[in-house]
Structure formats: structure tokens, C-alpha cells
Amino acid sequence: MKFIFMLTRNDRTVESGLEVLEAVLPLGVRHIGFKDVGVERPVLRLLNEAIRAAGGTSYMEVVSTTRDACLDSARIAAEIGVDCLLGGTLVDETLAILAGGPVAYFPFVGRPEGHPTRLGGSAARIADDCGRASDLGCAGVDLLAYRAFEAEPGEVLRAARRATRGELIVAGSIDSPERVGAVRAAGADAFTVGTAVFDGAFSPGKGDVASQIADILAAAG
């Protein structure tokens with residue numbers, strides 16, 4: 001199962017992202033992402049270039065809350081050449097923007113709302129969205145299982161796994177080895193962690209970023 005380290009805190013890209021990236025690459029992290037908010041477009045471009053130059057896979061997650069901003073983020077993803085675009089719910093429009101290019105798309109499923117983003121929707125609704133994303137040709141889905149407030153996270157995970165024919169990426173509030181284990185047991189392909197690394201919450205007895213990442217990699221297997 002892939003661990004995607006997000007250079008983000010509270011759903012915003014950290015301003016020190018380039019410095020953090022330089023520090024974590026020697027740890028063996030190669031799946032690294034950032035959000036579409038928190039820093040300006042030139043910084044997003046530099047982050048993407050640095051990740052890819054190190055042989056990594058880059059991810060940008062859309063957490064903007066308006067239609068125009070979400071579609072603009074899709075255009076930015078195509079322009080700077082990220083490997084994977086996560087999030088957003090405007091699946092048809094986003095796929096049209098990305099058409100013909102190499103960016104793999106993993107939309108949010110269910111009803112994401114607010115910032116930091118929470119997930120509304122029943123497990124059945126989320127499964128329907130997963131199936132539709134697969135039908136439309138998405139590479140997989142981006143599931144905010146532990147941000148769900150209308151369904152139980154385990155139920156959401158199982159429903160999404162059954163309905164998704166591509167990769168299942170689980171994002172948001174994965175802050176303990178137990179949650180990583182639950183995500184793995186549900187059959188997810190990847191998970192993201194950002195805030196829990198910067199807050200030292202994944203391994204509360206260890207304060208530095210390197211120790212947090214080492215423990216997450218161990219939990220991911």
C-alpha cells in the first residue's frame with residue numbers, strides 16, 4: 001500500500017514545502033503531494049519539478065470550494081504536469097480539461113464540503129459515485145473516509161472498495177497506525193498523511209518529521 005506524503009497542514013500547502021521536501025526525500029518517500037491552496041502557482045510548479053526530478057510521483061489535491069476555482073486547479077495540474085490530480089467533484093469537466101494528457105484523475109466521491117473538507121453522503125451514495133467515476137474512465141477515487149459525518153468510516157471504506165475498479169486512495173485524518181491498518185484491511189491502494197506528520201500526531205512520542213514518516217512507512221508495510 002502506497003503512502004502519499006502531503007506537504008500540507010489543515011488542507012493547505014505549507015509555505016516551507018520545498019525545504020521539507022529536501023529533508024524527507026532521503027527517507028525514501030517517493031509519493032508526495034500538495035494542495036491547490038496555500039502557496040502561489042510558481043511554488044506548486046517548483047514542488048512538482050522537485051518531486052519528479054527525485055524520481056517521485058507527484059500529486060495535487062483540489063480542495064477549493066467553488067466551481068471556477070476547482071476547474072482552474074485542474075488546468076494548473078495539466079499545465080505544471082503533475083502525475084496525479086486528486087479531489088474535486090466536477091468529473092466530466094475535469095476529465096475534459098485533462099483529456100489527451102498524462103495526468104491521472106482521482107475525484108472525490110460522496111459530498112465533500114467546507115475547508116478543511118468533510119465528507120457527507122451515505123455509503124450507498126459513495127459507492128454509486130465510485131462506480132460512476134470508474135465508468136467515466138477515472139484512474140480511481142479519492143475517499144475522505146475518516147472525514148465522513150453521515151456514515152461510519154469502515155462502512156464507507158468497504159463500499160468504496162467494492163465499487164471502485166481503479167485505485168482507491170484514502171485521504172484525510174489518517175493519524176494513527178490503527179487507521180493505516182484499517183485502510184489496508186479494507187483493500188485500499190494508497191493513503192495520504194499531511195497534518196499528522198507536521199503536528200507530530202501519528203507518533204505522539206516523537207516530535208520530528210523524520211520520525212513520523214518512518215513510523216508511517218512501517219505501518220504501511
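Annotations
- Of the three principal axes defined by the Cα atoms of the stretch 1-123, the extents in descending order read 40, 31, 30 Å.
- Relative contact order for the chain: 18 percent, from Cα pairs under 8 Å spaced at least 6 residues apart, divided by residue count.
- Comparing GLY200, GLY172, GLY114 in a Gaussian network model of the chain where C-alpha atoms under 10 Å apart are linked, the largest mean-square fluctuation is found at GLY114.
- Between the stretch 155-221 and the stretch 67-117, the Cα center-to-center distance that results, in Å: 22
- Take ASP68: with every protein chain present and a 1.4 Å probe, its accessible area is about 120 Å².
- Here the label points at ALA201 and HIS115, each 7 Å from Cα along the C-beta direction, are separated by 1.9 nm in the simple model.
- Helices in the chain, meaning DSSP H runs of at least 4 residues, each add -39500 (n - 2.57). Divided by all residues, the mean residue ellipticity at 222 nm is -12500 deg cm²/dmol.
- Placing dummy labels 7 Å off each Cα toward the beta-carbon, the span from ALA99 to ARG165 is 2.0 nm.
- Among LEU25, LEU44, LEU144: highest mean-square fluctuation, GNM of the chain, C-alpha pairs under 10 Å: LEU25
- Estimated FRET transfer efficiency (GLU152, MET1; beta-carbon r; R0 25 Å; 0.05): 0.75
- Surface accessible to a 1.4 Å probe, per residue, for the residues of the stretch 40-192, Å²: 41
- In this simple spin-label approximation, SER134 and LEU217 carry label points 7 Å from Cα along the Cα→Cβ vector, and these lie 3.3 nm apart.
- Carbon/sulfur fraction of accessible area - the chain, other protein chains in place, 1.4 Å, %: 49
- GNM flexibility winner over the chain from ILE126, ILE169, ILE76 (Cα, springs under 10 Å): ILE76
The values are calculated or read from the model by the stated rules, or taken from the named source; none is laboratory data. All values reported here derive from a predicted model rather than from experimental measurement. Cβ coordinates were reconstructed from backbone atoms using ideal geometry, including for glycine residues, and neighbour counts include every protein chain displayed. To get the accessible areas, we keep the full protein, side chains included, count just its heavy atoms, and leave off ligands, DNA and RNA. Shrake-Rupley method; radii C 1.70, N 1.55, O 1.52, S 1.80 Å.
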